[in-house]
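Novice: Would you mind keeping the following structure in view while I ask a few things?
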Amino acid sequence: MRRYHVTTFGCQMNAHDSERIKGMLEELGLGESATQEDADVLVFNTCTIREKPDMKFAAHLAQAAALKQDDADKVIAVGGCYAEAQRERLFELYPYVDVAFGPGSIAHLGEWLGAGGLGVARGRFGLDDRSFAGELPMHRERAFQAWVQISMGCNSKCSYCIVPAVRGREVSRRPGDVAAEVTRLAHGGVREITLLGQNVNSWGRDLLPEIRTEFGELLRACDAVDGIERIRFTSPHPKDFRRPVIEAMAECDAVCEHAHLPLQSGSSRILKAMRRTYDRERYVRLAGELRAAIPDLALTTDIIVGFPGETEEDFRATMEVVEEVGFDGAFTFVYSPRVGTEAAAMLDQISDETKRDRIERLIDVVQRVASARNAERVGGVEEVLVEGTSRTDPSLLRGRTRRNTTVNFAGTAAPGELVEVRIENATSTTLRGIQAVPVAA
């Protein structure tokens, strides 16, 4: 049997797309290989939102090229956002790449392989003829969890972001198609779904006038599917987080008490330069509205430091918002200029030394705030969906709470089970405890 190996870079959408790539290859009769060395087809599903993924991809691709020198029949395929950004230039940069495709053209890989590379173009790119990866076969990493793509592309014009250029304008899946997929997943044993889009809470607006709907309605439709016990979503944009979505989160039993709400900066001046279309006050007010409606809500965020023109005062404003909102966690990034974006051409770029200093200071504040938030959970009991063995201690199990916090705990449950765990210790990123024993009635 011929075998494949998929390497994934970047966001949850790429993780979803890679599951579809695997499903498509398995439908073609290929089996999965644990290593690149033993694979006949090497697939790289790429990200280009920052410089670091580009560099990691180049290193992995160099290793693949060395393997191809020893085995000329080995196929190297490159997909995702980096491929879309480079398009045909990719073959000039890396002539040993056999086939390439953008994030909206995943099916092209199957067509090329199915034809043995004969009579089919090496690359398929473009944003006008995209198709949802959600329509392709699926290879899920866990039988009880699933990604569900509800849209592709983004209509926002953030000055630092390359995503609209490589994923196109937003296109929503029809609500019936999403509901049908969620129902199929539930029948197959899935207990937790994560709804995916570049901006999930603007979902449905492009379906007008044929269909009048919004993201809160979609949450309610998914909540009504028997067997789905947890619903997550990522990523929302603060500018589109409206009352119907907040009400659905508060009222739907399956929707988890967690919102990932990207801040990016706590400075209204920098937010304007980023074209985020909200200011500090509006963001903090929204965070308060969410916590008031959903008292046990966990709020996590994304923050960029070192955006062009960011002063020490701007940076301090970001740290103040971290303290004021009390984030349960944050993904922190050093600004990375992307060719073709407005921000890359801005004057007053920040030095690497200043960026490093600020990211270290920010991480200190984020960890301190998150540690205090997690410490409040000690002594309580959390519902945990078991995912497997702890990555740091094989004698423990690992799972996630409804608030999306990782828990390492002593217990006897199997992956996919929902169990109660009494929390005994906490760090800034994880909880630790012991499986609670049910009390006989």
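The values are calculated or read from the model by the stated rules, or taken from the named source; none is laboratory data. Note that the structure is a prediction, hence the values are computed from the model and not measured. Every residue, glycine among them, receives a Cβ derived from its backbone with ideal geometry; neighbour counts consider all protein chains shown.
Novice: Name every residue in region 19-33 that is over 23 Å from the mean Cα position of the chain (by Cα) and either surrounded by 23 or more Cβ atoms within 10 Å (Cβ to Cβ) or not in a strand (DSSP E or B) (or both), in order of residue number.
Specialist: GLU26, GLU27, LEU28, GLY29, LEU30, SER33
Novice: May I ask you to verify whether THR332 is under 20 Å from THR429 (Cα atoms), of a type outside the set (Lys, Arg) and not assigned by TED's automatic domain parsing to the domain that holds PRO53?
Specialist: yes
Novice: Does GLY79 fit the bill of being in contact with a strand residue (DSSP E or B) (Cβ under 7 Å, 6 or more places away or on another chain) and closer than 30 Å to ASP223 by Cβ?
Specialist: No, not satisfied.
Novice: Please identify the pairs in which a residue from region 427-439 that is at pLDDT below 95 has its Cβ atom under 8 Å from the Cβ atom of a residue that is not polar (S, T, N, Q), counting only partners at least 6 apart or on another chain.
Specialist: Within 8 Å, the pairs are ALA436/VAL381; ALA436/VAL419; ALA436/GLU420; ALA436/VAL421; ALA436/ARG422; PRO438/GLU420.
Novice: Looking at region 264-282, can you tell me whether even one residue there is of a type in the set (A, V, I, L, M) and not assigned by TED's automatic domain parsing to the domain that holds MET319?
Specialist: No: region 264-282 contains no residue that is of a type in the set (A, V, I, L, M) and not assigned by TED's automatic domain parsing to the domain that holds MET319.
Novice: Does GLY80 meet the test of being of a type outside the set (S, T, N, Q) and at positive phi?
Specialist: Against the criterion (of a type outside the set (S, T, N, Q) and at positive phi), GLY80 qualifies.
Novice: What is the one condition in (1) of a type in the set (D, E, K, R); (2) out of contact with any Gly (no Cβ under 6 Å at 6 or more places or on another chain); (3) surrounded by 17 or more Cβ atoms within 10 Å (Cβ to Cβ) that GLU37 does not satisfy?
Specialist: Going through the list (1) of a type in the set (D, E, K, R); (2) out of contact with any Gly (no Cβ under 6 Å at 6 or more places or on another chain); (3) surrounded by 17 or more Cβ atoms within 10 Å (Cβ to Cβ), GLU37 breaks only (3).
Novice: If you don't mind, another one. ALA224: over 18 Å from GLY134 (Cα atoms), out of contact with any helix residue (DSSP H, G or I) (no Cβ under 8 Å at 6 or more places or on another chain), without any contact (Cβ under 8 Å) to a residue 60 or more places away in the chain and not acidic (Asp, Glu), yes or no?
Specialist: In short, yes.
Novice: Considering only residues that are more than 26 Å from the chain's Cα centre (by Cα), aliphatic (A, V, I, L, M) and surrounded by fewer than 16 Cβ atoms within 10 Å (Cβ to Cβ), which ones fall in region 392-435?
Specialist: ALA410, ILE434 - these are the residues of region 392-435 that are more than 26 Å from the chain's Cα centre (by Cα), aliphatic (A, V, I, L, M) and surrounded by fewer than 16 Cβ atoms within 10 Å (Cβ to Cβ).
Novice: Out of THR194, THR183, THR213, I need the residue that is surrounded by fewer than 22 Cβ atoms within 10 Å (Cβ to Cβ), at pLDDT 95 or above, assigned to a strand (DSSP E or B) and not assigned by TED's automatic domain parsing to the domain that holds HIS16. Which one?
Specialist: Every option except THR194 fails the conditions.
Novice: So which residues in region 223-240 are under 30 Å from LYS355 (Cα atoms) and assigned to a loop (DSSP other than H, G, I, E, B), if there are any at all?
Specialist: Answer for region 223-240, where residues must be under 30 Å from LYS355 (Cα atoms) and assigned to a loop (DSSP other than H, G, I, E, B): SER235, PRO236, HIS237.
Novice: Identify the single condition in (1) under 21 Å from the mean Cα position of the chain (by Cα); (2) surrounded by 15 or more Cβ atoms within 10 Å (Cβ to Cβ); (3) of a type outside the set (Lys, Arg) that PHE331 does not satisfy, given that it satisfies every other one.
Specialist: Every condition holds for PHE331 apart from (2).
Novice: Give the number of residues within region 40-74 that are crowded, with 19+ Cβ neighbours inside 10 Å and either aliphatic (A, V, I, L, M) or assigned by TED's automatic domain parsing to the domain that holds THR341 (or both).
Specialist: 6
Novice: Oh, and also: Please determine whether any residue of region 227-247 is outside the structural domain of ARG402 (by TED's automatic domain parsing), under 21 Å from LYS157 (Cβ atoms) and surrounded by fewer than 17 Cβ atoms within 10 Å (Cβ to Cβ).
Specialist: Yes, because at least one residue in region 227-247 is outside the structural domain of ARG402 (by TED's automatic domain parsing), under 21 Å from LYS157 (Cβ atoms) and surrounded by fewer than 17 Cβ atoms within 10 Å (Cβ to Cβ).
Novice: Within region 144-154, is even one residue at positive phi, crowded, with 19+ Cβ neighbours inside 10 Å and in a loop (DSSP other than H, G, I, E, B)?
Specialist: yes
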